Amino acid sequence: MGYRVAVVGATGNVGREMLNILEEVDFPVEKIHAIASRKSIGVEVSFGDQILKCEDVEQFDFSTVDVVLMSVSGSFSKEWSPKIGAAGPIVIDNSSAWRMDPDVPLVVPEVNPDDVEWANRKNIIANPNCSTAQLVVALKPLHDRARIKRVVVSTYQSVSGAGKEGMDELFDQTKNVFVLGATPPKKFPKQIAFNVIPFIGAFQDDGYTDEEAKMWNETHKMIDPAIKLTVTCVRVPVMVGHSEAVNIEFHEPLDEDEARDILRDSPGLIVIDKRDDKGYMTPKEAQGEFPVFVSRIRNDPTVENGLNLWVVADNLRKGAALNAVQIAELLHARGLIRQKALA
Ligand SMILES: NC(=O)c1ccc[n+]([C@@H]2O[C@H](COP(=O)([O-])OP(=O)(O)OC[C@H]3O[C@@H](n4cnc5c(N)ncnc54)[C@H](OP(=O)(O)O)[C@@H]3O)[C@@H](O)[C@H]2O)c1
């Protein structure tokens, strides 16, 4: 018997990817609903061979489903997730609204699967930020072996991380730049076509952005609060796929060969690391793929017990939709999804 599933935010970048992935994996779906805002009522989205017509979130009876995969804004989730969770289904949320709530597990199945066991406190499980998700999959097995002291990350984040408006802006600016001159920025603070922007999110008082703070806060919650992590988040003119240059310092010795072996044997990771033109991953090649890819594994000779990595993943998949579906699969495997008779 399958589950009754609602995808909220089904017209968005992440929502559409959730529908694709639900169709690709073995998660048992009995009935599926595509939910979006009122303006999208009747808009058609694909679920395998089926065409689903979007329903209005305001009119939908959430007590008739078992699992809600949610990918709308944080403010929307703050208002809606508790109401939906109270109506019965488990909410797996992609926004930043609940990630640091002590009563809401923040889960990457390869990293902290056991945390799903206490999801019933609020019937909400949070997905991490897309850049954190791919980072922690690579950090966790190395931390288990040699205890991470400090991590320095620079991100190269694609425009799809800013939703479908972000992708439209890169496409339009790129098209127009040689003809009409670049169209003025709307979604991003500066021109993104043929440029990079060292700013994502909002500035905090300490000069970091909230996007950067999410990466250390979420790493602390999922792996270990003792890990010191500093980061610069950068938006780049790539449609899909986030990349990260990661420098790690360990308490215990760990060289590049052992790190490569550990990463090769770890869940959710593929190591592509040869010293030739095909021996490293780019975001273009990661688009549409499930795993997190690790390349350019090198000893860092400037510190004791240091390593450098290049980490790439599809931000709409492992960074968002895939991770959410994997959480649903984990809940299913552990018998933690409530199944009720259809209302
Ligand atoms: N993109 C990523 O890499 C990524 C990664 C991790 C987490 N996230 C998070 O996931 C969430 C969605 O991101 P996205 O990239 O998919 O955004 P998006 O492409 O802009 O899509 C937003 C979705 O939310 C729906 N929506 C907006 N207001 C609504 C309302 N009042 N009621 C019901 N539905 C409403 C939209 O429906 P309409 O079409 O009807 O407006 C659309 O389906 C965000 O919180 C984002 O931070 C994104």
Flag for residue 276 being without any contact (Cβ under 8 Å) to a residue 60 or more places away in the chain and either outside the structural domain of residue 105 (by TED's automatic domain parsing) or of a type in the set (A, V, I, L, M) (or both): yes
Residue in the range 158-190 that is farthest from the ligand (Cβ to nearest atom), counting only those that are without any contact (Cβ under 8 Å) to a residue 60 or more places away in the chain, among the charged types (D, E, K, R) and in a helix (DSSP H, G or I): 175
Lone unmet requirement of (1) outside any strand (DSSP E or B); (2) under 15 Å from the mean Cα position of the chain (by Cα) for residue 243: (1)
Per-region count, the range 145-168, residues surrounded by fewer than 21 Cβ atoms within 10 Å (Cβ to Cβ) and in contact with a Gly (Cβ under 8 Å, 6 or more places away or on another chain): 2
Residue within the range 179-195 that is in contact with a Pro (Cβ under 9 Å, 6 or more places away or on another chain) and exposed (fewer than 13 other Cβ atoms within 10 Å of the Cβ) present: yes
Test for residue 296: is it modelled with pLDDT under 95 and in contact with a strand residue (DSSP E or B) (Cβ under 9 Å, 6 or more places away or on another chain): no
Enumerated strands (runs of 3 or more DSSP E) restricted to the range 33-144, each holding at least 3 residues that are surrounded by 20 or more Cβ atoms within 10 Å (Cβ to Cβ) and either within 10 Å of the ligand (Cβ to nearest atom) or not acidic (Asp, Glu) (or both): 67-70, 90-93, 124-126
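The values are calculated or read from the model by the stated rules, or taken from the named source; none is laboratory data. Computed from a predicted structure; not experimentally measured. Glycine also receives a Cβ, built like all others from the backbone with ideal geometry; neighbour counts cover every protein chain displayed.
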